[in-house]
Amino acid sequence: MGTLFSKIEKTLEPIFDGLPPLPKDATNWLVKAWPIIALVAGVLQLLAAWSLWHVGHLVNSLVNYSNALAQVYGTGGTINHLGFFYWLGLITLAVDGFILLLAYPGLKARSQAGWNFLFLGALVNVLYGVFSAFDSTYGGVSKLVFTLIGSAIGFYFLFQVRSYYTGKKASKKQAQRLYRPKLALTNIFILLMFARG
């Protein structure tokens, strides 16, 4: 993908290397299930985006009708249309669904391209979370925090199975990781600071 993509991946890799590993059985299950999860989630996200597109237009039509009635009866109150962040969220949902569908063949073949598409989808979600922090109606700092937490969990799972898709054996450091709570908390803090700034 691009050099920026590689830089972000290389920046996040050491952060997640210090976290406790998943059990081998869980990692194997995740690698086997991920293609199916990507396919189903991709289709569902595209269907949801299509439905929400129609719902958004219906809501805006009802808003126009309500505002026209308010003007006729002189109540003076108006209702706002669905805003920029609704449509941005809808586009993000569709793009993420499309990325998941693109990831399916690579995940099934256990190629790095499949993993890269999942990583790209996770980055799209982080970017949307950063943008939605500026939405005064439904966004804000709390939505950003929850997006970062969800993305951190997603990145954790991605980096746990990365070696299955890159063809690289786990390094000695990765193979001998020990759970160190202080280091794990430090890594999570670094991740949150990286995503924030």
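The values are calculated or read from the model by the stated rules, or taken from the named source; none is laboratory data. Treat the numbers as computed from the prediction; the structure is a model and nothing was measured. Every residue, glycine as well, gets a Cβ built from its backbone with ideal geometry; the counts of neighbours run over all protein chains shown.
Residue by residue through region 104-133, note down the ones that are in a loop (DSSP other than H, G, I, E, B) and either without any contact (Cβ under 8 Å) to a residue 40 or more places away in the chain or in contact with a Leu (Cβ under 6 Å, 6 or more places away or on another chain) (or both).
Hits for region 104-133 are A109, A133.
Would you check if W34 is within 17 Å of the chain's Cα centre (by Cα) and either modelled with pLDDT of 90 or more or of a type outside the set (S, T, N, Q) (or both)?
For W34, the condition - within 17 Å of the chain's Cα centre (by Cα) and either modelled with pLDDT of 90 or more or of a type outside the set (S, T, N, Q) (or both) - is met.
List, please: which pairs have Cβ atoms under 6 Å, are six or more places apart or on different chains, and start with a residue in region 28-52 that is among the aromatic types (F, W, Y) and end with one that is surrounded by 13 or more Cβ atoms within 10 Å (Cβ to Cβ)?
Pairs that qualify, where the first residue is among the aromatic types (F, W, Y) and the partner is surrounded by 13 or more Cβ atoms within 10 Å (Cβ to Cβ), are W34/L107.
Yes/no per residue for (1) among the acidic types (D, E); (2) part of a helix (DSSP H, G or I); (3) closer than 22 Å to Y128 by Cβ; (4) touching a Leu at 6+ places or on another chain (Cβ under 6 Å):
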position	(1), (2), (3), (4)
P20	no, no, no, no
D25	yes, yes, no, no
A33	no, yes, no, no
A41	no, yes, yes, yes
G56	no, yes, yes, yes
V63	no, yes, no, no
N67	no, yes, no, no
W87	no, yes, yes, no
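Identify all residues within region 69-89 that are at negative phi and in contact with a helix residue (DSSP H, G or I) (Cβ under 9 Å, 6 or more places away or on another chain); write none if there are none.
T75, G77, T78, I79, N80, H81, L82, F85, Y86, W87, L88, G89
Which numbered condition trips up T137, out of (1) over 17 Å from the mean Cα position of the chain (by Cα); (2) at pLDDT 80 or above?
With respect to (1) over 17 Å from the mean Cα position of the chain (by Cα); (2) at pLDDT 80 or above, T137 is out only on (2).
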